[in-house]
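These notes are about the structure you will find just below.
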Amino acid sequence: MSIKKLWYDALVYRKYRTLKPQSVVLKASGNKVYINPEDGRAFKKLAVDTSRGRESLPMQFWRNHNEAHPEAIMMDVGANYGECSFNANYPSGQDILVEANPGLIPYLQQSIDAHGDAERISLVNCLVASECGEAVEFHYSPDWTGSGAAIKDDKHTHSAKVRQRSLDDILAEKNQRPTAESTLVFKMDIEGFEHEAFKGFSCLESFAGFVGILEFSSIYLRRSGSSAESFCTHLLNRAKVFVVEKGRKKLNRISSWEDLPRNASDEIHCDLVITSAPDLIASGWL
C-alpha cells in the first residue's frame, strides 16, 4: 500500500470515523451527498476530497455561477453522484440532474431528498442523445462509476437498457422552456457524447443567456464516433469559447481549433466554458 493511500485513508477516517462512509458533506454548501462506499471514484473524488477540503474546478464553477445567477435554470448533464449540483442551494432557481447510470439513481435521489431545496431539484435517468429514441445498452461498473458509457470496454461489468433523450426534450418535459428573461447554467461531462448532446440542444440560443462548463476530450469524442475538430467548430459557431487553465480558476478565450491545448501525443483533454456573453461568467474566472 502506498504512502499516499495510507495518508488518504487516515484523512477519511479522521473526518468520518470509517473508511467507507455512506455519505459525505460538501463544505461550501453544507449539503449531504450519498455515495456507494465501494466505488473507487466516490472514495477518491468525494470521501478523500471532502476530507482534504478540496473542491474541483467544475464544482467551483457550479457554485460560483449559482451565486451569480440565483434564479437560473441549472442543468447538470452527467451528474454522477451530483457533487456539482449539491454544491449549491436553490432558494429561487431550478436544478435538473441528468444521469445515464442506473446504479447511481438511488444515491442521487437520497441526496435530493436530504437537500433543503428538494422541491426545486429534479432527476432524469437517460442517455443524452441528439434526439429521443429507443432504449440502448448503457455499460458501467459499480467499482468506478466515472467510466460509464454507451460503448462497452473491458472495465465495464454491468449493463442496462437506458432511454435516449435530447436536452430539448428534457427541458420541455420539466417545463423549463427558454424565455427572453431566463438564464441557463449547465455542466456537461458525458464521456465523449457531448457533440451528440449539442445536436439535440437547439433551444440553447433561445435563452436570454447561457453559460456552461464541459469536458472536451479528443480521445473520448473519437471513441464515440465524433470528430473533436468538428465539435470545436460547432461550439465556436454557437458561443464564445474559453479554455479552463489546468488546475487554475482562469479562462483563456479561443477563436479556432488550433487554439486548444495539446499534450505530447497531440491529444486534447481540457474543460471548456461556453457562453452567449462573457459578462455572464461569474466574478473571479476572467
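The values are calculated or read from the model by the stated rules, or taken from the named source; none is laboratory data. Please read all numbers here as calculations on a predicted model, not as lab measurements. As a convention, Cβ positions derive from the backbone with ideal geometry for all residues, glycine included, and neighbour counts pool all protein chains shown. Keep in mind that these areas ignore ligands, DNA and RNA; they rest on the heavy atoms of the full protein, side chains included. Shrake-Rupley method; radii C 1.70, N 1.55, O 1.52, S 1.80 Å.
Points worth noting:
- Scope the range 158-194; condition part of a helix (DSSP H, G or I) and open to solvent by less than 30 Å² (accessible area, probe 1.4 Å); matching residues: LEU167, ILE170, LEU171, GLU194
- Total residues in the range 142-193, condition of a type in the set (Lys, Arg) and free of Cβ contacts under 8 Å to residues at least 40 places away in the same chain: 5
- Residues in the range 10-41 that are open to solvent by less than 40 Å² (accessible area, probe 1.4 Å), over 22 Å from SER141 (Cβ atoms) and not in a loop (DSSP other than H, G, I, E, B): LEU11 only.
- Taking (1) outside any helix (DSSP H, G or I); (2) open to solvent by less than 50 Å² (accessible area, probe 1.4 Å); (3) aliphatic (A, V, I, L, M) in turn, LEU221 satisfies each apart from (1).
- Given (1) touching a Cys at 6+ places or on another chain (Cβ under 6 Å); (2) of a type outside the set (Ser, Thr, Tyr); (3) surrounded by fewer than 17 Cβ atoms within 10 Å (Cβ to Cβ), index of the condition GLU67 fails: (1)
- The range 42-54 - residue that is over 14 Å from the mean Cα position of the chain (by Cα) and among the charged types (D, E, K, R) and, of those, surrounded by the fewest Cβ atoms within 10 Å (Cβ to Cβ): ARG54
- Residue list for the range 61-86, restricted to those being touching a residue at least 24 places away in the same chain (Cβ under 8 Å) and more than 12 Å from the chain's Cα centre (by Cα): ARG63, ASN64, HIS65, ASN66, GLU67, ALA68, HIS69, GLU71, ALA72, ILE73
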